[in-house]
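Encoded as structure tokens, the structure appears first; notes follow it.
The values are calculated or read from the model by the stated rules, or taken from the named source; none is laboratory data. Here the structure is a predicted model, which means the values were calculated and not measured. Here the Cβ positions follow ideal geometry from the backbone for every residue, glycine too, while neighbour counts run over all protein chains shown. These area figures cover heavy atoms from the full protein model, side chains too; ligands, DNA and RNA do not enter into them. Shrake-Rupley method; radii C 1.70, N 1.55, O 1.52, S 1.80 Å.
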Amino acid sequence: MAVDSTLPSAVSENDAKALGFIEEMTANVDSVQERILGEILSRNAQTEYLKRFNLNGATDRETFKSKVPVVTYEDLQPEIQRIANGDKSPILSSHPISEFLTSSGTSAGERKLMPTIHEELDRRQLLYSLLMPVMNLYVPGLDKGKGLYFLFIKAETKTPGGLVARPVLTSYYKSQHFKNRPHDPFNVYTSPNQTILCPDSIQSMYAQMLCGLIMREEVLRVGAIFASGLLKAIRFLQVNWKQFAHDIETGTLNPKVTDPSVRECMSKVLKPNPELAVFITKECSEEKWESIITRIWPNTKYLDVIVTGAMAQYIPTLEYYSGGLPMACTMYASSECYFGLNLKPMCEPSEVSYTIMPNMAYFEFLPHESSAPELSRDSPPRLVDLADLEIGKEYELIVTTYAGLCRYRVGDILRVTGFYNAAPQFRFIRRKNVLLSIDFDKTDESELQQAIENASILLKEYNTSVVEYTSYADTEDIPGHYVIYWELFVKDAANAPTEEVLSRCCFEMEESLNVVYRQCRVADSIGPLEIRVVINGTFEELMDYAISRGASINQYKVPRCVSFTPIMELLDSRVVSKHFSPALPHWSPEPRSHDAIIA
Ligand code: AMP
């Protein structure tokens, strides 16, 4: 068995304590899990949800597994709706639901609402507190400078019952845990809190980048949560460098930054520095962006961004901008629950494995075989415990949280790559059912299908239909965008759909996609959707190609998303016209209809 044990030696007493905690948790995975489940079940024993399954006070794994069903978000929606509507009785959790965390996962086109309780902030903070002690084992001297992190808050809404609904990071950055965090020399950011907490993301980005430029020599690490966020910051620099140079030269802040608290904190940071302005101009004016990160921030030791899962598509671009700096993927988390961390953060992105901390929640795993039938209530699935997983196998992650999610399917597929002490380590394989993703968006096959159907209604009056389609997440430029390949059947060539109609089809598709997609479009982290019309017979050629590579004719299905280079080349060589969405789709923080968020 591939078992790692004991990390290198800690650099400080604080770190030693954190690393000792990791040792203790990973060595005793099974007993910690048993205790966590016992705690969750006993404190939530009187909730309406658990009472339904007649546990009769039992808190053991066997009773729990035999009586409580495995559920999806849709199964819990009636309970979530009641909580959102203001029912304060203990429905899922004995502790009051403090707010809803809006996941980037969607249900019926709207963000999923994850209930949370106040104390979960402590658990999240605990996981954060383990990251630097691990990093310090591999990268010395991180207390001698700062981290340039692009961190943002997002719009929040209220449910009809008055609970706040917002993303988990917005909740964390606005909490006292973050705002009043004690000074830690290993965790000093270039961005003052006010810039992170500015609700206008453009002003926030502007101020954070400006701080990063001013403190360029102190910066030891550059990061964002996901790779897409860091690339957005680089693009922001490409577009705005002249204004930055001007602000730095004159020591005055761009008047477009109007947020009073940002202006106030920037007045302490920004002083005239003509020499730095000349430097920024020299580095940016040639519009050569290779290694721009290491040129502007020469002391950067690594990038701190998640490049696993859907973000792996950005690795080559980040390598280009950073001159090949290491990319550290430090943690694995979600709105439902924070899961764990990477104990070897400086490893290659393809080697990243996350170790789930057994104190975060109770974890179970559904063996994942792509051919396995979906779960049925009649034959309850056999879920495996954290301590009993097998190396090399893939599993779907199921959580039971303090906030009241019981045996909840997160939707992530993980592969066990080894063990650290008794704790399995996981490669993130993919999120179930996600076809396309550029930023936070996750578009599944049925959403894409629906969008295509809605758009093709516009083709009817031209006697035209979509014969076949596939899609591609094009991340060559920043921001990336969705490309949809269409093979059309045009009955009357004299009345074929015009360029104007086809670009309206792009827009109609965007309007049909889920709220997270539309929000990312409005925030300019996804570019306009593109339809590439291909010549008739292209999809047959695609099938021939698949068959020549061993696919069975009987089983062949058109892939609804492609990324394999020869297939892309084939498709692109058959393109007859390209069309782009001419406008931004509708988006507002409020769901399109109130029913949708809570129904
Ligand atoms: P959200 O519910 O919007 O917070 O998104 C959580 C999801 O993001 C997880 O369930 C994963 O699918 C994905 N995710 C989070 N952390 C990572 C990571 N380190 N690597 C890959 N995917 C991740």
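Data for the structure
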read-out	value
Subset of the range 488-510 [of a type in the set (D, E, K, R), surrounded by fewer than 18 Cβ atoms within 10 Å (Cβ to Cβ) and out of contact with any Ser or Thr (no Cβ under 8 Å at 6 or more places or on another chain)]	ASP492, GLU500
Residue in the range 318-345 that is least open to solvent (accessible area, probe 1.4 Å), counting only those that are away from the ligand (no atom under 15 Å from the Cβ) and assigned to a loop (DSSP other than H, G, I, E, B)	LEU325
All positions within the range 73-122 that are part of a helix (DSSP H, G or I) and among the aromatic types (Phe, Trp, Tyr)	TYR73
SER93 being within 18 Å of the chain's Cα centre (by Cα) and surrounded by 21 or more Cβ atoms within 10 Å (Cβ to Cβ)	no
Contacts under 6 angstrom Cβ, first residue in the range 431-455 being among the aliphatic types (A, V, I, L, M), partner within 11 Å of the ligand (Cβ to nearest atom), 6 or more apart	VAL434/LYS442
GLU447 vs. criteria open to solvent by 50 Å² or more (accessible area, probe 1.4 Å) and outside any strand (DSSP E or B)	no
Residues that are outside any loop (DSSP other than H, G, I, E, B) and either within 13 Å of the ligand (Cβ to nearest atom) or surrounded by fewer than 24 Cβ atoms within 10 Å (Cβ to Cβ) (or both), drawn from the range 346-362	PRO349, SER350, GLU351, TYR354, THR355, ILE356
Qualifying residues in the range 398-410 (those that are in a strand (DSSP E or B) and open to solvent by less than 10 Å² (accessible area, probe 1.4 Å)) - the one farthest from the ligand (Cβ to nearest atom)	THR400
Candidates GLN125, GLN81 - the one that is touching a residue at least 60 places away in the same chain (Cβ under 8 Å) and open to solvent by 20 Å² or more (accessible area, probe 1.4 Å)	GLN81
All positions within the range 225-241 that are farther than 17 Å from ILE526 by Cα and either within 16 Å of the ligand (Cβ to nearest atom) or touching a Cys at 6+ places or on another chain (Cβ under 6 Å) (or both)	TRP241
Residue selected from the range 128-154 under the condition of a type in the set (A, V, I, L, M) and more than 28 Å from LEU237 (Cβ to Cβ), by the criterion most open to solvent (accessible area, probe 1.4 Å)	LEU137
Qualifying residue in the range 294-311 (condition: more than 16 Å from the ligand (Cβ to nearest atom), open to solvent by 30 Å² or more (accessible area, probe 1.4 Å) and farther than 20 Å from LYS146 by Cβ)	no
Residue among ASP544, ASP572 that is open to solvent by 70 Å² or more (accessible area, probe 1.4 Å), outside any strand (DSSP E or B) and not basic (Lys, Arg)	ASP544
Qualifying positions in the range 155-187 - surrounded by fewer than 16 Cβ atoms within 10 Å (Cβ to Cβ) and either outside any loop (DSSP other than H, G, I, E, B) or in contact with a strand residue (DSSP E or B) (Cβ under 9 Å, 6 or more places away or on another chain) (or both)	LYS158, GLN176, HIS177, LYS179
Looking only at the range 99-122, and only at residues there that are open to solvent by 50 Å² or more (accessible area, probe 1.4 Å) and under 26 Å from VAL516 (Cα atoms), the one that is farthest from the ligand (Cβ to nearest atom)	HIS118
